[in-house]
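The values are calculated or read from the model by the stated rules, or taken from the named source; none is laboratory data. Keep in mind it's a predicted model, so treat the numbers as computed, not measured. Virtual Cβ from ideal backbone geometry, glycine too; neighbours counted across all protein chains shown. Accessible surface is based on the protein model in full, side chains and every heavy atom, while ligands, DNA and RNA are left aside. Shrake-Rupley method; radii C 1.70, N 1.55, O 1.52, S 1.80 Å.
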Amino acid sequence: MSSETHPDSASIPSRASLREPNECLRVCHLAENLCSGEIERHLLELAASTSPNDVHLSFVSLHEVGEAADVLRDSGHTVESLKRSLFGKIQSLRKLSQFLDRNEIDILHMHGTAAQFHGAIACKWSQTPLAVATHYGRGCGADRKSLWQFRIANEFTDRVIGISEATTELCRQQNQSNRNRMITIPFGIDSTRFFPYGPSSDLRALAIGECTPENGFESLIHAVRSVVNSYPHFKVQIVGTGPLLNQLVELAGSLRLTHHVEFLGERQINDELLKHNGFLISTASTLASQRSVLSAMATGLPVLTTEPFAVSDFIEDGVTGKIARGKEASQLAVALVSMIDEAPLWPSMGAKCRELAETVLSVQTTARRYSQLYRNLASQSATSRVS
């Protein structure tokens, strides 16, 4: 790949370092797509929660644009698609660097490994020397290519952000030499979209996710079989579809759990769905599962989780829910029984969850912390120029 840089980049002060302390910073968010995925939903909430007097936002997609891009445009934001299917990689990087310069971007905020890799290169080709990257639950990615891209991009990234302490630590493990650049800013949600109903008194729990091996619903169903021996009225509702749905339905039938495990199919995840349950069961580390956890917390439901890479930084046994020791059926069964035994504490657990969703886990807090990070980086850039 070309090592081209802006011809005068070494002698031109950064735009961010030249701005007045209270002047609005220009930040561009770069994502793989701007359609209808979980990162896009998060970006929409961030955009709505960021003060335009503090930060002026624009958005670029490496690939496709769709519903999210339309909403952002309707809100007055500039949106660009590189559409790499029409341009070669080098041309796409040039197009991105030109967009950054044309819009006088101070800071490029990249989301995910692919966006970070391409964005970090584009920053070197433009007059946008400040770059930050957010990663959502699994460090840089599972394959060797992602790890290679992550390590290279980190050399040109000022801050790498994990959405939980566990995520940040995984990023550090994957790139020890740049670990000091890595920080945590929790993933947030707009709690105002959820009424704090609190937990139902019924012995019923909700599990949300695709019916895939990663979500571990097979183990959950086996765990329910053990639990109903002690609590015959306990039920679990599973929301989602996927390749294993029919197999899971058959498994529940074979274990005589037809009245204890209900498959709801695809549903909109909102407070009306959540309020009929005593707690949420989270068994995956996907971004969608993390949003489900936050939705439950915003509704005032405690959470039983098996995953350290979701928002389980804030799930504490007996305070906001329960952490299972693993995904095996026996481990889930122990955690479920313990959670049911503590049913009288569900309301106080749920109230604490709602409090967190309104404060440290709110998207408004996330937006403020990002804005402060941008401001600190710009200030440090200005100081380094003076010194």
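Below are the figures for this structure:
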| quantity | calculated |
| --- | --- |
| Enumeration of residues in region 23-50 that are over 22 Å from His118 (Cα atoms), at pLDDT below 95 and open to solvent by 50 Å² or more (accessible area, probe 1.4 Å) | Glu23 |
| Number of positions in region 104-114 that are farther than 20 Å from Glu40 by Cα and under 27 Å from the mean Cα position of the chain (by Cα) | 2 |
| Qualifying residue in region 153-174 (condition: in contact with a Ser or Thr (Cβ under 8 Å, 6 or more places away or on another chain), touching a residue at least 24 places away in the same chain (Cβ under 8 Å) and acidic (Asp, Glu)) | yes |
| Residues of region 150-165 that turn out to be assigned to a helix (DSSP H, G or I) and crowded, with 20+ Cβ neighbours inside 10 Å, as a count | 3 |
| Any hit, region 263-279, residues being at pLDDT 95 or above and among the β-branched types (Val, Ile, Thr) | no |
| Search result, residues across region 150-197 that are touching a Leu at 6+ places or on another chain (Cβ under 7 Å) and more than 30 Å from Gln127 (Cα to Cα) | Gly188, Ile189 |
| For Gly240: the one exception among (1) in contact (Cβ under 8 Å) with a residue 40 or more places away in the chain; (2) touching a helix residue (DSSP H, G or I) at 6+ places or on another chain (Cβ under 9 Å) | (1) |
| Residue in region 316-325 that is touching a residue at least 24 places away in the same chain (Cβ under 8 Å), buried (at least 17 other Cβ atoms within 10 Å of the Cβ) and in a helix (DSSP H, G or I) present | no |
| Members of region 259-300 found to be assigned to a helix (DSSP H, G or I) and of a type outside the set (A, V, I, L, M), listed by number | Asp271, Glu272, Ser289, Gln290, Arg291, Ser292, Ser295, Thr299 |
| Residue that is modelled with the highest pLDDT [pool: residues in region 76-91 that are among the polar types (S, T, N, Q) and open to solvent by 80 Å² or more (accessible area, probe 1.4 Å)] | Gln91 |
